[in-house]
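Structure, as structure tokens:
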Amino acid sequence: MSDMSERNAQSSVVGAANSAATPRPRFNYSQAAGQQRAASLDSTWRQPRTWLFILLLAVPFFYLYRINLNDLVSVWYTNPSFSQGFVIPFISAFFIVQNWSQLKALPWKRSWAGLAVLVFGVGAQVLFLATGQIIFSHLTLLVVLLGLALFILGWEHMRYLWLPIAYLLFMINPPQSLYVKITGKLQILAAWLGVHILPFFNISATRSATQISVLHHGQWFPLDVAEACSGIRSLTAFLALAIALAYTTTRPMWQKIFLALCAIPVAILCNALRVALTGVFLVTLGPEWARGSTHESLGMLMLIPALFMQLGIAWVLDHIFVDASDDTAPSPSHTGGAL
């Protein structure tokens, strides 16, 4: 009996040791809660009542801005300088689609600050429409969209929504007085740069305000930098494109901002090159090559060197600044820090 009891005692000790050596699997409650929360947030966007709520908001929004939308479409259709307005809303929607997985995982946290912004935007819209300030009422569209998103979704969503909303600014034409002032300065700048570029083609030229005189066979030929040649169309279009390209990259934020801002001098330089090439065509091929469809086509072709300049700036950034995560760990024989 004593042997039997000793064996039973030993087997119980061994069993206890084995059970202690093999830990029981534990249920990860935090992970399960996170998965359940993500599933519930995802299902919120799948529910019909969510989209019904959005539709109910869209109806008064489009009614409030029906005059603005009609005016904007008319400007896009009739003014080539703002024809990019047709594609700007689609690019803005692309920004949202690109971050949709992050957006639908965020909780809806109502912010009363958004309600204040919304009330201010609606009040300003009514005031501008009543006073006939249609240009300024266009800007309230962005304010109302910002207020709606902030009031319904909260601050966390604004991390992904502020740029798509602000990007809609490119579809709004500025006031006529501001437009004339900007194009006037761009005309003078394009003429000034064009006169300094033409000597590289062995062509003598002088400038008076926005008019360039090109010397050909001992005779001066006038070349007028008109409002359509100011480059505001290419400047606006390329700046919008540069922001879109910078936004879709994985670069640090300061590089994205730098690349977007570089689009301004690049577009101005390419427009000046367009003016200079127009002078070259006038001298080498004849005055008919300096106007008409050839002149318009040259403006579109300038987007190609502008794009290559932008890519060149990005290449320089890639070779000057290296991400710390790409650096390999130092070897044991090189433990000192680098200056």
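The values are calculated or read from the model by the stated rules, or taken from the named source; none is laboratory data. This one's a predicted model, so the numbers in the text were calculated from it and none came from an experiment. In this analysis, Cβ positions are derived from the backbone assuming ideal geometry, glycine residues included, and neighbour counts consider all displayed protein chains.
Among the residues of region 125-184, the ones that are free of Cβ contacts under 8 Å to residues at least 60 places away in the same chain, over 23 Å from residue 232 (Cβ atoms) and polar (S, T, N, Q) come to 2 in all. Note on region 185-226: residues that are in contact (Cβ under 8 Å) with a residue 60 or more places away in the chain, assigned to a strand (DSSP E or B) and either in contact with a Gly (Cβ under 8 Å, 6 or more places away or on another chain) or among the aromatic types (Phe, Trp, Tyr) (or both) total 5. Listed conditions (1) surrounded by fewer than 18 Cβ atoms within 10 Å (Cβ to Cβ); (2) modelled with pLDDT under 80; (3) over 24 Å from residue 85 (Cβ atoms) are all met by residue 227, apart from (3). Scanning region 64-93 for residues that are touching a residue at least 40 places away in the same chain (Cβ under 8 Å) and under 18 Å from residue 248 (Cβ atoms) yields 84, 88, 89, 91, 92, 93. The residues listed here are 140, 183; of these, the one that is buried (at least 18 other Cβ atoms within 10 Å of the Cβ), within 29 Å of residue 79 (Cβ to Cβ) and at pLDDT below 85 is 183. Applying the condition of being modelled with pLDDT under 75 and surrounded by 12 or more Cβ atoms within 10 Å (Cβ to Cβ) to region 275-295 and asking which residue is nearest to residue 258 (Cα to Cα) yields 295. Please tell me if residue 94 is exposed (fewer than 13 other Cβ atoms within 10 Å of the Cβ), in the same structural domain as residue 69 (by TED's automatic domain parsing) and within 20 Å of the chain's Cα centre (by Cα). For residue 94, the condition - exposed (fewer than 13 other Cβ atoms within 10 Å of the Cβ), in the same structural domain as residue 69 (by TED's automatic domain parsing) and within 20 Å of the chain's Cα centre (by Cα) - is not met.
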